1. Test Y179 against the criterion of being of a type in the set (S, T, Y), touching a His at 6+ places or on another chain (Cβ under 8 Å), outside any strand (DSSP E or B) and under 30 Å from V124 (Cα atoms), and give yes or no.
2. Looking at region 13-30, which of the residues that are assigned to a strand (DSSP E or B) and more than 16 Å from the ligand (Cβ to nearest atom) is surrounded by the most Cβ atoms within 10 Å (Cβ to Cβ)?
3. Which residues, counting only those in region 645-687, are among the polar types (S, T, N, Q) and either in a helix (DSSP H, G or I) or within 14 Å of G411 (Cα to Cα) (or both)?
4. Answer yes or no as to whether E213 is farther than 27 Å from L47 by Cβ, of a type in the set (D, E, K, R) and within 15 Å of the ligand (Cβ to nearest atom).
5. Quick one: which of R189, R193 is under 29 Å from the mean Cα position of the chain (by Cα), within 15 Å of the ligand (Cβ to nearest atom) and loosely packed, with under 15 Cβ neighbours inside 10 Å?
6. Go over the candidates G405, G411, G418, G379 one by one and state the one that is among the small types (G, A, S), surrounded by fewer than 20 Cβ atoms within 10 Å (Cβ to Cβ) and at pLDDT 85 or above.
7. Please state which of the following conditions A143 fails to meet, knowing it meets all the rest: (1) out of contact with any Lys or Arg (no Cβ under 7 Å at 6 or more places or on another chain); (2) of a type outside the set (S, T, N, Q); (3) more than 10 Å from the ligand (Cβ to nearest atom).
Amino acid sequence: MAVTVGIDRISFYTPPFYLPMATLAKARGIDPDKLHIGLGQRDMAVLPPDESVVTMAAHAAEAILDDDNKAQIDTVLFATESGVDQSKAAGIFVHHLLDLPKNCRVLELKQACYSATAAIQMAVALIHQQPDRKILVIASDVARYGLQSAGEPSQGCGSVALLLSANPAILAIEPYSGYYTQDVMDFWRPNYRDEALVEGKYSCQIYLQALAESWDHYCAQSKRQWRDHDIFLYHTPFPRLAEKAHQALCKHVGLTSSSSEETHAGLDLALQYSRTIGNCYTGSLYLSLASLLDHQSADLSGQRVGLYSYGSGCVAEFFSGILQPGYQAHLLTAHHRAILKDRKALSINEYEQFYRFHSQQHDNVDTPHISHGRYRFAGVDDHKPQYQRQKSPSGVKVVSASAPGKLILSGEHAVVHGAPALVIAVERYTKATVSSASDQKLSFHLPDVGHIGSETFHKLHRLKTRLQEAHGKFRRGERGISDIIQKPFELLQYTAANALDKFATPDDQGFHIHTESNLPIGCGMGSSAASIISANYAIAHYLGKTIDDKTQYQLGLRAENLQHGYSSGIDLHVAIHGGCHLFQNGQSTVQNMPADTNFYIVNTGAPDANTGQCVTHSRQCFQQQPDLLEKFVEVTQSIAYALQSANQAQLIASVRLNHRLLVEIGVVPAPIQQFIKQIEEVGGAAKVCGAGSVKGEKAGIVWLIGDDQALQTVAHQHGFSIETLHSDYDGVKLI
Ligand code: CAA
């Protein structure tokens, strides 16, 4: 009896991050229907900095290997068009990571998205030669067209691993293929580029033309016809093109639309994974196979699958396989679903940072710990890529804490000089997550300040010393406040270095710190205090230490002073405790929550001057006009009383007065004064909440009081949109 050869096991892997198409559409000003309907795409997978085609391949292959089948593998064929080296096969790194037998040959195959099919056909031939061998075929790719390019929505990444053997459990590959080659420039990537170049519409046209050509050749070779097939699968750069391919093939063979629709149901199941992963080039046809088998509950045993493989440039192949009896018992459906379920949706900023990280790679780079899989790309050392196998990815310790932002309702600036300020925590947070890392470094992923990087403890200590010395110079009047922190992410690096010193951390452990926030940065809502407090809290709990409120405050104050010169501590206090407070000289009197816990605000944009510069400026005003401070004290008490007693008339009068005092100390830019004047003209009141600005046209957050409709109209005229903030009782906490 002739030996059957084909796919014995199949699995895929895609990284734990994706970008929803709705997010991309919004950021690029595209109608989301164009991506959802026009391309058939819902999300696309995004490669984090510490993954590559190698780690994705190792993750995909690991799932289908055990000690027995590993020992029989004598060939690894790595199909990719996003190779990591011009000479060495990426599969050799995978061979090492997976501990494959040393008597094994490993090579890389390239012909755009077609090469995995070539690898399968080579494997089939080799197994016919020696049926007791197994061959591992891995298709692994990252589709990159460039930020804001036409191809951007059709990116994605992932790996599909296939174990080929005699008497396969899943799909027996049949003899007879149809091939087609034509020298075209529809999609290509010159050696000097890391992004593909593409003639988008032309590529779709050639893809469809090559389908007809390879199908005709296949029919001639195999003597089979359309009706001999039960299911059709197509290379899927984006799902809509696979649907179009099916329609085109139906038309090519002269089918009526009703009979083509019958097969279409199967195709829809085959496209489920692609809709959420995007293009993974060489793997995408086989991702469709996995998707069909994982989603089709009916037993398809014995059915013939027609497969269309296409690689730009171009080479196409049409071939077929028979689904084997009992194949369902060998699928990894639950594993695949778990991979997709555990992914995190990225914001557009995070996606762009991940994207750029891979564009900027060069020698001597350490990658931060972003993903927590078993295999990671640790960076490049002396031109050598470093791949690591983590001991126990499931045992990665992760601690997360969140701290709220705040609105200063009255008394900002005056609070620095010992007057009280009225402050309230709001339901906007910064979340810090600390997790273990395998190397002895501290890595940071701080999307809100656009930073991804990794530092040795030694380097962080040097940064800490430099920043403290710079602050000393500021205190002695030898340096301006904006000359201390030179890059926004240094604040969190300093915070981490300080906390690790405080808790006497052994420097043979590595850590990864990730922060994310829905607080606007630098707009007076306490985003830096919330980052500092949540990071310190997460670090302390990660290390198993208790951190009391006083220690948190003191650690936080050191960091905030670097940014603000002399911090009043008010933001830190609210981030620690939540609630509503009258805050004075580092002490607070807790206030009842106002009856109305909703606050209307507009964000006028990040001020051109930082808090330190504004505080330095207002200090002079307070020195020149000693009675100013007392006026701030009175207005703050009046606002506090009006809120507690729900006295709207007093609230409006007091907020107007407060605004005038802020104008007097020079922290309300002219356009914002004009905006507030109009709010007052419609019977309302408004004031800057936070430091304001001593230059430019923006002042961060402005608090508005008055009739909804009237406020909306004025805000609209100035191009602002009103948001409602809710107050929050909770301070920093583990989540
Ligand atoms: N609602 C619904 N549909 C809408 C819409 C809306 N508001 N707005 C537009 N559409 C539809 C369009 O009508 C169009 O559909 P049809 O093609 O059926 O007419 C579809 O959305 C896409 O619109 P455009 O053609 O205007 O889109 P575009 O110019 O932005 O480019 C693309 C789309 C060519 C696919 C581009 O993303 C691209 O170049 N991608 C990379 C190249 C690629 O994937 N080529 C595939 C063949 S090559 C290959 O297979 C190898 C490989 O893997 C790369």
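The values are calculated or read from the model by the stated rules, or taken from the named source; none is laboratory data. In this text the structure is predicted, and so the values were computed from the model without any measurement. So basically every Cβ, Gly included, is an ideal-geometry build from the backbone, and we count neighbours across all protein chains shown.
1. Numbers: of a type in the set (S, T, Y): yes; touching a His at 6+ places or on another chain (Cβ under 8 Å): yes; outside any strand (DSSP E or B): no; under 30 Å from V124 (Cα atoms): yes.
Considered against the rule, which asks whether it is of a type in the set (S, T, Y), touching a His at 6+ places or on another chain (Cβ under 8 Å), outside any strand (DSSP E or B) and under 30 Å from V124 (Cα atoms), Y179 comes out as no.
2. Here is the first cut: in region 13-30, the residues assigned to a strand (DSSP E or B) are 13, 17-20.
Those left that are additionally more than 16 Å from the ligand (Cβ to nearest atom): 13, 17-18, 20.
Working: Y13: 30, F17: 20, Y18: 24, P20: 20.
The qualifying residue surrounded by the most Cβ atoms within 10 Å (Cβ to Cβ) is Y13.
3. First, pick out the residues of region 645-687 that are among the polar types (S, T, N, Q): 645, 647-648, 650, 654, 658, 673-674, 678.
Within region 645-687, Q648, Q650, S654, N658, Q673, Q674, Q678 meet the criteria.
4. Details: farther than 27 Å from L47 by Cβ: yes; of a type in the set (D, E, K, R): yes; within 15 Å of the ligand (Cβ to nearest atom): yes.
So E213 fits the description; yes.
5. On the way: R189 fails: loosely packed, with under 15 Cβ neighbours inside 10 Å.
Exactly one of R189, R193 is under 29 Å from the mean Cα position of the chain (by Cα), within 15 Å of the ligand (Cβ to nearest atom) and loosely packed, with under 15 Cβ neighbours inside 10 Å, namely R193.
6. Numbers: G405 fails: surrounded by fewer than 20 Cβ atoms within 10 Å (Cβ to Cβ); G411 fails: surrounded by fewer than 20 Cβ atoms within 10 Å (Cβ to Cβ); G379 fails: surrounded by fewer than 20 Cβ atoms within 10 Å (Cβ to Cβ).
The conditions single out G418.
7. (3)
Table: residues versus (1) buried (at least 19 other Cβ atoms within 10 Å of the Cβ); (2) out of contact with any strand residue (DSSP E or B) (no Cβ under 7 Å at 6 or more places or on another chain); (3) without any contact (Cβ under 8 Å) to a residue 24 or more places away in the chain; (4) not hydroxyl-bearing (S, T, Y).
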residue	(1), (2), (3), (4)
L572	yes, yes, no, yes
F583	yes, no, no, yes
Q591	no, no, no, yes
A606	no, yes, no, yes
C614	yes, yes, no, yes
S638	yes, yes, yes, no
S654	yes, yes, no, no
